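Nothing in this text is a laboratory measurement; each read-out follows from the coordinates by a stated rule. Remember, predicted model here, so these are calculated numbers, not experimental data. Quick reminder, even Gly has a Cβ in these numbers, built from the backbone with ideal geometry, and neighbours come from all protein chains shown.
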Amino acid sequence: MSFDHFEYKGVRFARGLHTEESIKQAENEFEVFDDDIYIVTYPKSGTNWMIEILNLIKEKGDFAKTNALPIYIRSPWYETVGSQEFIDKLEPPRIIASHLPHHVFAKSYFKSKAKIIYTMRNPRDVIVSLFHFASVLKIFTPTENFQNFIEDFIQGKALFGSWFDHVKGWMQMKDDERFFFITYEELIQDLRGGVIRICKFLGQELDDAQIDSVVEHSTFKSMKDNPMSNWTQLPSDVMDQSKGTFMRKGISGDWKNHFTVAQSEYFDKIYQEKMKDFNMSFFWEQSS
Ligand code: A3P
């Protein structure tokens, strides 16, 4: 996985999206407000899905209000160069996205009452999603070599570093009342149930019709057909839409169409090793 990068605290960041200053600013100077809500993910784990869901919940299912801005402006990634301008325009409660690992996250968060929703996804499907995205997003040098791509991912050479470290780092907060975690796979299995759990965590009371609206507008099909959510408004020097789409397949288990048996066995072995001291079991561990 090749991209022009720099390292900060053992994590790879992409020049073109980040600078050393933007990351240090995000970590040390960014001001977190008590009523902020952060969507934190490792890339390709359902970040945009969660942005759509949370903004719809905030507006009690009012699609017209939610859909006034493109998704990446509605909830900017605060570590990205130039994001502050959009963050300054957000109405409270601000819903802000981030891919930062726990050890680089805004220091002011840890003294605040702000909430985090952390979404995780089967790392095998993250690899596949990222592999395709690497052909579309211009910061990456496209590669055909899936084996090397898996290896880079395992070695933490991906954008935002190691998936394993990201998940383990953030899950230190699993018992904190400001922290809620959910998996992409749970949302695939029961989107409505996920929305209801998220509303409960946020203390948001929506009636049945409002919840129906949140669900209706955050399905894969709705988002894929929605120019405000499907990233098609980005210029071709940022994303080459002729090479693929941001809203690609939106399923769980696509890794089975990409991994060979040998790659799958190899990844399972690494996964067991890296997660052996981690005292939690994930949805995909039963089904993969
Ligand atoms: P695929 O490439 O597997 O299709 P992120 O937003 O973190 O970059 O994640 C992108 C992945 O989430 C892509 O996965 C995309 O299709 C999927 N996705 C986005 N919105 C979705 C939705 N409403 N339902 C299911 N998957 C969704």
Given q = 0.18, 0.21, 0.22 Å⁻¹, what are the Debye log10 I(q)/I(0) values for the range 9-157, with equal point scatterers placed on the Cα positions and solvent ignored? -1.17, -1.45, -1.53
Charge tally in the Cβ shell below 11 Å around Phe153, where Lys, Arg are +1 and Asp, Glu are -1, Phe153 excluded: +1
By counting other Cβ atoms within 10 Å of each Cβ, how are His5, His166 ranked from fewest to most? His5, His166
If you average the C-alpha positions of the range 1-58 and of the range 220-262 separately, how far apart do those two centres end up, in angstrom? 20
Mean projected area in nm² (Cα convex hull; one quarter of hull surface) for the range 199-256: 6.2
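Given a cut-off of 20 Å, name the pairs among Lys65/Lys89; Lys111/Lys274; Lys157/Lys274 whose C-alpha atoms lie farther apart than that in the structure shown.
Numbers: Lys65/Lys89 15 Å; Lys111/Lys274 31 Å; Lys157/Lys274 16 Å.
Violating the 20 Å Cα-Cα cut-off are Lys111/Lys274.
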Residue-averaged 222 nm ellipticity for the chain, from DSSP H runs of 4+ at -39500 (n - 2.57), nearest 500: -11000 deg cm²/dmol
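Quantify how much of the Cα-Cα distance distribution of the chain extends past 36 Å, in percent. Intermediate values should be presented prior to the final figure.
Numbers: 4011 of 41328 pairs.
Counting pairs separated by more than 36 Å, the tail of P(r) holds 10 percent.
For the range 191-288, rounded, prolate or oblate, judged on the Cα gyration tensor with a ≥ b ≥ c (square roots of eigenvalues), a/c < 1.5 rounded, else prolate if a/b > b/c? Mind dumping the intermediate values first?
Values: a/c = 2.56, a/b = 1.21, b/c = 2.11.
Oblate.
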Highest mean first, how do 97-104, 184-191 rank when packing is the count of other Cβ atoms within 10 Å averaged over residues? 97-104, 184-191
If amide hydrogens are placed 1.01 Å from N in the peptide plane, which non-local residues have theirs closer than 5 Å to the one on Phe181? Tyr118
Relative contact order, percent, the chain [alpha-carbon distance under 8 Å, six or more residues apart]: 25
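On full extension of the chain, what length is gained from Glu21 through Glu205, given 0.36 nm per residue of separation minus the C-alpha to C-alpha distance? All intermediate terms of the calculation are to be shown ahead of the outcome.
On the way: separation 184, 0.36 × 184 = 66.24 nm, distance 3.97 nm.
Length difference between fully extended and current span is 62.3 nm.
Any idea what the relative contact order of the range 79-237 is, in percent, if you count C-alpha pairs under 8 Å spaced at least 6 apart? Could the numbers behind the result be given before it?
Values: 95 pairs, mean separation 35.4, N = 159.
Averaging sequence separation for qualifying contacts and normalising by length gives 22 percent for the range 79-237.
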